[in-house]
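Q: My questions will all concern the structure given below.
Any read-out appearing in this document is the output of simple, stated calculations on the displayed coordinates, not a laboratory observation. Please read these numbers as outputs of a predicted model, since none were measured by experiment. Cβ: placed from backbone, ideal geometry, glycine included. Neighbour counts: every protein chain shown.
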Amino acid sequence: MVFEDQHYYYKLYKPYGYLSQFVNNQKRRRNKRLLSEWKNLPQGIMAVGRLDEKSEGLLLLTTDGKFSDRVRDKTIEKEYHVMVDGVVTKTAINQLQNSVTISVDGKPYQTMPCKAHLLDDVSHIKERFVRDPRHGETSWLSITLREGKYKQVRKMTATVGFPTLRLVRVRIGDFHLGSMEFGELVAINSLQI
């Protein structure tokens, strides 16, 4: 994809507790934290895709609608590192890889096959308290999707018996979270997607 000089492109480490939107038009969500808290962003900036309020990690921002459409395409991989409750089994990994049935808009939905594996080293994930270790063991998974239904990763891990405790998006296509800090905003100077 060609870099457009008249547009702006950013990577943001969206912290836990923020909505992936700039304006809140809902009365029941009036006190929610929004992306508009990051000042000095260009007019017309938008989030490319979403991360729910309880999820964190890489979020791309742009003023370029064509770039946004391209990133949301099913050919672009999105990788998530997920802390789940319990010690994940090989059977659960196989189920995630091959497809599971989740609920989307109240109807059964068969997920596309995906990449999934256990993570041994999560030193790249910024520490954040989730729960006391006395409440049981946890596992970290890498799940890479080419689709993105509402709370899909959370629904997938719950379906195979391992509810998500923490979800961090670490990659979108060739864009990586890397060593970014919570809330850090970085201008993107070249596009490769």
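Q: Once both labels are modelled 7 Å past Cα along the beta-carbon direction, what's the Gln6-Glu77 spacing in nm?
A: With each label point 7 Å from Cα toward Cβ, the separation is 3.5 nm.
Q: Spin-label point model (7 Å from Cα, Cβ direction): what's the Ser68 to Val186 distance in nm?
A: If labels sit at Ser68 and Val186, their model points lie 2.3 nm apart.
Q: Would you pull out the residues with amide H under 5 Å of Leu51's amide H, same chain only if 5 or more places away, H placed 1.01 Å from N?
A: Those qualifying (amide H under 5 Å, at least 5 residues apart or on another chain) are Ser20.
Q: When the dipole is taken about the Cα centre of the range 78-172, and only Lys, Arg (+1) and Asp, Glu (-1) are charged at their Cβ, what size is it in debye, to the nearest 20?
A: Roughly 340 debye, rounded to the nearest 20.
Q: Pick out, in residue order, every one of the chymotrypsin sites (Phe, Trp or Tyr not before Pro) in the range 50-137 that is DSSP loop and has at most 12 other C-beta atoms within 10 Å; say none if there are none.
A: Passing sites in the range 50-137 are Phe129.
Q: Contour minus end-to-end for Val23 and Arg128, with contour as 0.36 nm per residue of separation and end-to-end as the Cα-Cα distance?
A: Extra length from Val23 to Arg128 when fully extended: 35.1 nm.
Q: Further, regarding this structure: Could you give each residue of the range 85-100 its phi-based ³J(HN,Hα) in whole Hz, using Karplus coefficients 6.51, -1.76, 1.60 with θ = phi - 60°, and x for Gly or Pro?
A: Residue by residue, the range 85-100 yields 7, x, 9, 5, 9, 4, 4, 5, 4, 4, 4, 4, 5, 8, 2, 10 Hz.
Q: Run down the lysines and flag those whose C-alpha is under 30 Å from the C-alpha of Lys66, throwing out any fewer than 8 positions away in its chain.
A: Correct list for Lys66: Lys11, Lys14, Lys32, Lys39, Lys54, Lys74, Lys78, Lys115, Lys149, Lys151, Lys155.
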